[in-house]
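Notes to accompany the following structure.
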Amino acid sequence: MTTQTHTPHPPHSQHDVIVVGGGMVGASIALALGQIGWQVALVEDQPIPTLPDAQAPFDIRVSALSPKSIAFLQQLGVWPTIRHTRSAPYRRMRVWDAAGGGDVTFQASDTGLPELGFIVENSLIQAALWQAITNTDTITCFRHSHPTHWHIEGNKAQLCVNGEHRLSAQLLIGADGAKSWVRTAVGITDTHSEYDTAAQVLSVRTDYPQQDITWQRFTPHGPQAFLPLAGNHASVVWYDQIEAVKQRHSLTDEALLDELKAQFPTELGRITGIETRGYFPIRRMHATRYTAERAVILGDAAHTIHPLAGQGVNLGFYDVMALAECLKNTDDLGAPKALNRYERMRRADNLITQTGMDAFHFGFRTQNPWLIGARNLGLTTVASLSPLRKIVSRLASGQR
Ligand SMILES: Cc1cc2nc3c(=O)[nH]c(=O)nc-3n(C[C@H](O)[C@H](O)[C@H](O)COP(=O)(O)OP(=O)(O)OC[C@H]3O[C@@H](n4cnc5c(N)ncnc54)[C@H](O)[C@@H]3O)c2cc1C
């Protein structure tokens, strides 16, 4: 176990709040609460990425950050580091249906904002947050550490990490991702379903330099997305049935490149090479509650959604904003009143977004000619009606 000062931890330490999970969501709630002045213990078991230099290969996992998430990262003081390391703003978002004529382009100018969002590597967001955390003396980091046991004693949550250190605090926060240890340990159940779909993700080189547009084409097998990255790079996300994704993943780079060229529309610009690749199964999950006694969960620990519209981590950041707001002026961080208010603020929004993603996923896979006609009419209507297009553009940029 290491800390930023590399001094050993005492066997028992007192904090105001313990955060388990130092991914994008956990690191941001730790930083937000640490900046308010709470004493935070942050527990993370995986190595933390460092800021990439210009030549470093691109992280295969990227996020489309909404203006609202960017404003939050700005407030935390980490956005300038992210922006100046490498990121790709997008001002237009084109969506079209491979099975019909429906085609719409959303514009930043419809939202009154300079951009619809930025595409940023996940590891860069996490690295920038951890850099700020290391400079925040209210946060104690327990790296290469994982919880082994938890219980409540009086009005304190007690967490044992690595079977050796006992941390005690008013509140335990679970930001430990979709397979959350905290969610299970505090007795929160969930509802979930599989999509029988996986996302094949590739970071590729392109013959056009960075553009300010994202493309998403819906096919009956799932969407194909093309997202700009800095320089002559882009991120390809190709949703398909799991077996088809696995089969393509087993191809050589040359053969996979041929598949990409054959399958991806020419509007995207020529793909000249593959840098990194992988695939992720897609699962929908929603916790039945976000809170338990002296505990709360957020981000992917509380909900996972179909990533086709790139909303997952944005929802996680909105959870963080709401929780930090609810805890700002409370004397007891574990008080049910504050935690229940957080759940009321976030549950409906998360559920609506999750359901909306399902509607896209299933709506575009149908072979029913009436439904194909209806959805193309829908896209054409959105494209031709400026007020409707403006509303959808605003929703896509995180404005509610
Ligand atoms: C293919 C794909 C594309 C996506 N694209 C987008 C997009 O464009 N935009 C978007 O907003 N979202 C996107 N998402 C979703 C987004 O990646 C997730 O919502 C986001 O990563 C969730 O962040 P998190 O911090 O809650 O969880 P995680 O990223 O899972 O982080 C959890 C952290 O907790 C740590 N941890 C776990 N268990 C323990 C433990 N027991 N002890 C200590 N530490 C622990 C992990 O090491 C990790 O650091 C995409 C997802 C996929 C699969």
Quiz prompt | Failed condition for GLY316, given (1) more than 9 Å from the ligand (Cβ to nearest atom); (2) in contact with a helix residue (DSSP H, G or I) (Cβ under 6 Å, 6 or more places away or on another chain) | solution = (1)
Quiz item: Of all residues in segment 265-282, which are under 25 Å from the mean Cα position of the chain (by Cα) and either more than 30 Å from HIS192 (Cβ to Cβ) or assigned to a helix (DSSP H, G or I) (or both)?
Solution: LEU268, ILE274, GLU275
Quiz item: GLU275: within 24 Å of VAL25 (Cα to Cα) and away from the ligand (no atom under 16 Å from the Cβ), yes or no?
Solution: no
Quiz prompt | segment 15-40 residues that are touching a residue at least 12 places away in the same chain (Cβ under 8 Å), paired with ones that are in a strand (DSSP E or B) and more than 16 Å from the ligand (Cβ to nearest atom) (beta carbon under 7 Å, 6 or more apart) | solution = VAL17/LEU171
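Scan the strands (runs of 3 or more DSSP E) fully inside segment 60-152 and keep the ones with 3 or more residues being more than 22 Å from the chain's Cα centre (by Cα).
Once the strands (runs of 3 or more DSSP E) in segment 60-152 are filtered for at least 3 residues that are more than 22 Å from the chain's Cα centre (by Cα), what remains is 103-107, 139-143.
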Quiz item: Restricting to segment 265-289, what's the tally of residues that are in contact with a helix residue (DSSP H, G or I) (Cβ under 9 Å, 6 or more places away or on another chain) and closer than 24 Å to ALA359 by Cα?
Solution: 9
Self-check item: VAL320 vs. criteria closer than 24 Å to GLY117 by Cα and modelled with pLDDT under 95
Solution: no
Quiz item: Checking ALA324 against (1) more than 8 Å from the ligand (Cβ to nearest atom); (2) in contact with a His (Cβ under 9 Å, 6 or more places away or on another chain); (3) hydrophobic (A, V, I, L, M, F, W, C), which single condition isn't satisfied?
Solution: (2)
Self-check item: Search result, residues across segment 84-108 that are out of contact with any Leu (no Cβ under 9 Å at 6 or more places or on another chain) and touching a residue at least 12 places away in the same chain (Cβ under 8 Å)
Solution: ARG94, ALA98, ALA99, THR105
Quiz prompt | Those residues of segment 192-211 which are within 16 Å of the ligand (Cβ to nearest atom) and surrounded by fewer than 18 Cβ atoms within 10 Å (Cβ to Cβ), in sequence order | solution = HIS192, SER193, GLU194, ASP196
Quiz prompt | Which numbered condition TYR90 fails, given (1) within 30 Å of ARG294 (Cβ to Cβ); (2) touching a helix residue (DSSP H, G or I) at 6+ places or on another chain (Cβ under 9 Å) | solution = (1)
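Yes/no per residue for (1) among the aliphatic types (A, V, I, L, M); (2) under 13 Å from TRP130 (Cα atoms); (3) surrounded by fewer than 24 Cβ atoms within 10 Å (Cβ to Cβ); (4) more than 14 Å from the ligand (Cβ to nearest atom):
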| residue | (1), (2), (3), (4) |
| --- | --- |
| VAL25 | yes, yes, no, no |
| GLN35 | no, no, yes, yes |
| TRP38 | no, no, yes, yes |
| VAL43 | yes, yes, no, no |
| LEU51 | yes, yes, yes, yes |
| ALA54 | yes, no, yes, yes |
| ILE60 | yes, no, yes, no |
| ALA64 | yes, no, no, no |
| PRO67 | no, no, yes, no |
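The values are calculated or read from the model by the stated rules, or taken from the named source; none is laboratory data. Treat the numbers as computed from the prediction; the structure is a model and nothing was measured. Heads up, the Cβs are rebuilt from the backbone with ideal geometry, glycines too, and the neighbour counts pull from every protein chain shown.
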